[in-house]
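Engineer: Below you will find the structure I want to go over with you.
What follows draws every value from the coordinates through simple rules; no lab data is involved. This structure is a prediction, so every number in the text was calculated from the model and none was measured. Positions of Cβ are generated from backbone atoms using ideal geometry, with glycine treated the same way; all protein chains shown enter the neighbour counts.
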Amino acid sequence: MHVGDDVVLRYITRDGRPGMSWAARLVDDRADVVALFLPRGTPHKRWAHTSGGRALADTAWSTDTLRLMHPRQPYSIWLSWGDAGAFRGYYVNLEEPFRRTPIGFDTNDHQLDIVVTPDLRWSMKDENVVAERERDGSFSAEFLAELRRHADRAVGSIERRDPPFDGSWLAWRPDHSWPTPTLHPRWNVEPPMQWERRMWADPRASEAAASESG
Ligand SMILES: [Mg+2]
């Protein structure tokens with residue numbers, strides 16, 4: 001993978017399969033940060049609910065988004081711009097630290113998010129969803145405590161104006177000659193790189209694995 005290439009960003013589900021996935025353009029790849037650009041219209045596979053459960057359906061990403069991912073960090077930070085190019089703010093997406101694959105990057109969402117306005121007012125999003133995951137046993141209490149610590153750490157970073165909240169990426173602009181990224185044909189067959197702590201985080205994943213191996 002090289003800067004300028006189209007890559008695939010995948011959320012790997014607890015049963016070890018590719019779930020929601022996006023095409024993206026790799027726009028920076030350094031030791032401390034990987035930057036992916038997802039322009040409005042980027043191909044995106046998202047869950048659609050059907051009578052038989054859920055299935056991945058084709059859709060298009062709605063907003064120009066730069067996704068900054070730091071190695072071993074439990075969240076990515078997104079910057080988004082509106083149709084007229086106005087900066088709409090940051091979004092802290094709590095997620096598994098990313099893994100590289102031959103076609104892109106694998107992670108999985110951890111439900112909790114932080115919405116940050118351009119003037120750095122922040123609010124937590126989906127705390128109720130996280131609480132429900134605790135009640136139904138799909139997130140362990142230990143994992144949830146860690147998730148909340150990570151969210152608090154991100155809030156500290158926002159309040160201290162650590163990069164990128166210092167505005168250091170605000171001058172970045174996509175090259176408008178770039179074509180829309182295309183989804184790699186192996187997006188759903190390239191073997192997933194799973195998070196090594198998923199069994200600890202998701203008790204149900206470990207139960208499923210135990211019954212499969214038994
Ligand atoms: Mg999220």
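Engineer: Relative contact order of the chain: what whole-number percent is it, with Cα pairs under 8 angstrom and at least 6 residues apart? It would help to have the intermediate numbers written out before the result.
Structural biologist: Values: 424 pairs, mean separation 43.8, N = 214.
After rounding, I find 20 percent.
Engineer: Separate question: Using modelled backbone amide H atoms (1.01 Å from N, in-plane), which distant-in-sequence or interchain residues come within less than 5 Å of ASP64's amide H?
Structural biologist: The list, which skips near neighbours in sequence, is ARG40, TRP81.
Engineer: Could you give me D for the stretch 1-106, from Stokes-Einstein at 20 °C and 1.002 mPa s, where the hydrodynamic radius is the Kirkwood radius over C-alpha pairs? Units µm² s⁻¹, please.
Structural biologist: Details: Rh = 14.5 Å.
Answer from the Stokes-Einstein relation: 148 µm²/s.
Engineer: At 7 Å along the Cα-to-beta-carbon direction for both TRP200 and ARG148, put a label point, then send me their distance in nm to one decimal.
Structural biologist: In this crude spin-label approximation the distance works out to 1.9 nm.
Engineer: May I have the convex hull volume per residue, in Å³, for the Cα set of the chain? Please report the intermediate quantities before stating the final value.
Structural biologist: On the way: hull volume 29.3 nm³, N = 214.
Per-residue hull volume (Cα only) is 137 Å³.
Engineer: Which residue fluctuates the most in the chain, going by a Gaussian network model with Cα springs under 10 Å, if the choices are TRP47, TRP122, TRP22?
Structural biologist: Residue with maximal mean-square fluctuation among TRP47, TRP122, TRP22: TRP47.
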